[in-house]
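Enquirer: Here it is, the structure in full.
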Amino acid sequence: MTAVGTPVAVVTGASSGIGAATARQLAGAGYHVFLTARREDRIAALAAELTAAGHQATAYALDVTDRAAVDAFASGLDRCDVLVNNAGGALGADPVATGDPDDWRRMFEVNVIGTLHTTQALLPALTAGDGGTVVVLTSTAGHATYEGGAGYVAAKHAEHVLAETLRLEIVGTPVRVIEIAPGMVKTEEFATTRFRGDTEKAAKIYAGVAEPLTADDVASTITWAVTRPPHVNVDLLVVRPRAQASNTKVHRTP
């Protein structure tokens, strides 16, 4: 049960990385955070951690690609002030000529359709309040291409367009749409998942980069944007490590 007057934030993909870090920071900022992800054990542990620290947190096992499950979750919420669409990820780094259509399909299902599901389901609650916020976590991949990344790039471009179009369509309502597009972020799972558990290949992504972004760096950016006054909309915020000038230009030391 959410305490009366306490704002509610829903974070998808909250079991690790940016999602977990964002949940921690929003809880610290005074939100009752609903942690959603498929891995129930992880979000349950995080909810227990946050509760023990005096914050309000609820774990809810959820696959954002399952529309019926998303609708059931949304129907059980008394209110929603912030939705952070963080669930997503990359699979493979094959060229277009040999890319696996199943990888492409999965990336679109999670990154794009998952964001569509949660946004559609929670938009009525977000609109009902005095100042709702939809955050769409895309990537610099949603704004520029690079070789070997077409499937992920295409999915993140689609997610960017979803956010941009939604902002146009709901202007005049009390809901703002914020897109956060991180560049190189080193988390415990993103690159390893992309390369199907190949830790050596995953490590090469960050080789020689002294300080890639951390999950906390991105989470603090999200929290800053969300906690601006309700009339302030951060349409698009691109955040990269200093060593990364573009998706294909990165300073690396030997």
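Enquirer: If we scan segment 111-132, do we find a residue that is out of contact with any Phe, Trp or Tyr (no Cβ under 7 Å at 6 or more places or on another chain), closer than 16 Å to Arg194 by Cβ and not aromatic (Phe, Trp, Tyr)?
Expert: Looking through segment 111-132, at least one residue is out of contact with any Phe, Trp or Tyr (no Cβ under 7 Å at 6 or more places or on another chain), closer than 16 Å to Arg194 by Cβ and not aromatic (Phe, Trp, Tyr).
Enquirer: Still on this model: Just the residues that are among the hydroxyl-bearing types (Ser, Thr, Tyr) and assigned to a strand (DSSP E or B), please, taken from segment 199-254.
Expert: Correct list: Ser246 only.
Enquirer: Moving on to the next point. Which condition number in (1) at pLDDT 95 or above; (2) open to solvent by 50 Å² or more (accessible area, probe 1.4 Å); (3) under 23 Å from Leu83 (Cα atoms) is the one that Leu237 fails?
Expert: Going through the list (1) at pLDDT 95 or above; (2) open to solvent by 50 Å² or more (accessible area, probe 1.4 Å); (3) under 23 Å from Leu83 (Cα atoms), Leu237 breaks only (2).
Enquirer: So, one more: Which condition does Pro212 not pass, out of (1) open to solvent by 70 Å² or more (accessible area, probe 1.4 Å); (2) without any contact (Cβ under 8 Å) to a residue 60 or more places away in the chain, if it passes all the others?
Expert: All conditions pass for Pro212, except number (1).
Enquirer: Right, next: Between a first residue in segment 138-167 that is within 23 Å of Ala219 (Cα to Cα) and basic (Lys, Arg) and a second residue that is in a helix (DSSP H, G or I) and at pLDDT 95 or above, which pairs have beta carbons less than 8 Å apart while being 6 or more apart in sequence or on different chains?
Expert: Lys156/Asn111; Lys156/Ala141; Lys156/Gly142
Enquirer: Something else now. Given the condition assigned to a loop (DSSP other than H, G, I, E, B) and basic (Lys, Arg), answer yes or no: does some residue in segment 30-47 qualify?
Expert: Yes: one or more hits.
Enquirer: Report, by residue number, each residue of segment 197-209 that is without any contact (Cβ under 8 Å) to a residue 24 or more places away in the chain and open to solvent by 20 Å² or more (accessible area, probe 1.4 Å).
Expert: Gly197, Asp198, Thr199, Glu200, Lys201, Ala203, Lys204, Ile205, Tyr206
Enquirer: Is it the case that Ile178 is in contact (Cβ under 8 Å) with a residue 40 or more places away in the chain and not basic (Lys, Arg)?
Expert: Judged against the criteria, Ile178 is a match.
Enquirer: Here's another thing I want to ask about it. Testing Gly151 on (1) touching a Phe, Trp or Tyr at 6+ places or on another chain (Cβ under 8 Å); (2) farther than 30 Å from Leu123 by Cβ, one condition comes back false. Which one is that?
Expert: (2)
Enquirer: Test each condition in (1) within 20 Å of Val185 (Cβ to Cβ); (2) outside any helix (DSSP H, G or I); (3) under 14 Å from the mean Cα position of the chain (by Cα) for Val10 and report the one that comes out false.
Expert: With (1) within 20 Å of Val185 (Cβ to Cβ); (2) outside any helix (DSSP H, G or I); (3) under 14 Å from the mean Cα position of the chain (by Cα) applied to Val10, the lone miss is (1).
Enquirer: Scan segment 48-70 residue by residue and report those that are open to solvent by less than 10 Å² (accessible area, probe 1.4 Å) and without any contact (Cβ under 8 Å) to a residue 40 or more places away in the chain.
Expert: Leu50, the sole residue that qualifies.
The values are calculated or read from the model by the stated rules, or taken from the named source; none is laboratory data. Note that the structure is predicted; figures quoted are calculated from it, not measured. In this analysis, Cβ positions are derived from the backbone assuming ideal geometry, glycine residues included, and neighbour counts consider all displayed protein chains. Surface areas here come from the heavy atoms of the whole protein model, side chains and all, with no ligands, DNA or RNA. Shrake-Rupley method; radii C 1.70, N 1.55, O 1.52, S 1.80 Å.
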